[in-house]
Amino acid sequence: MDLGDTDSTVTVLAGLAIVVGIAGVIVPVLPGLLLCWAGVLAWAVLGEGGWGKWVVLAFATLLAFAGTLVKYLWPGRKLKRAGVPNTTLLAGGALGLAGFFLVPLVGLIAGFVLGVWLAERARLGDSGQAWPSTKHALKAVGLSMVIELCAALGIAGAWLIGLATV
């Protein structure tokens, strides 16, 4: 592969964007799904080739849109059924963000858990009742990450198939 060739360079950079995007889903620091989609977009727009790249881009766009929609709706519905309010998630997100800057990576998770627990403790008035809500919130975040990861891997798979066939 000659990296002096524009098409090869675009393909390598698109692949790197997709790999970094998948890593961004697993370690929520980067906008993972957006990076995966942007890699396919760059490959379709800047690379040489025919209409097949546009089909791959359309499919990647559909996966990114559906993944984003489902990642918020499905876990959110589960949280509503469990009785966990949005303010609790906002408190967890705020403390998680602060924790990320205080203790990189580990602080994000620890801050989120602590923030959700503290918000539920304040709302319910009991430590014992706050923990089940915290577990529901953690399960919802895990489900959200799995949904986003599936969408990102689907985009990567579509790109690889497109790369092999276009």
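The figures follow:
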| quantity | calculated |
| --- | --- |
| Count of lysine pairs in the stretch 6-165 with Cα separation under 24 Å (8 or more residues apart, or interchain) | 7 |
| Whole-Hz ³J(HN,Hα) from phi, Karplus 6.51 cos²θ - 1.76 cosθ + 1.60, for the stretch 126-132, glycine and proline x | 8, 5, x, 7, 6, 5, x |
| Inter-probe distance in nm under a simple model that places probes 7 Å from Cα toward Cβ, at THR68 and ASP126 | 4.1 |
| Surface/4 of the Cα convex hull for the chain, nm² | 10.6 |
| In nm, spacing of pseudo-spin labels at ALA164 and LEU46 (7 Å Cα→C-beta vector) | 2.5 |
| Karplus (6.51, -1.76, 1.60) ³J(HN,Hα), θ = phi - 60°, over the stretch 49-59, in Hz, Gly and Pro reported as x | x, x, 5, x, 5, 6, 5, 4, 4, 4, 5 |
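No value in this document is a laboratory result; all are computed from the given coordinates. Model, not experiment: these values are computed from the prediction. Here the Cβ is made from the backbone with ideal geometry for all residues, glycine too, and neighbour counts use every protein chain on show.
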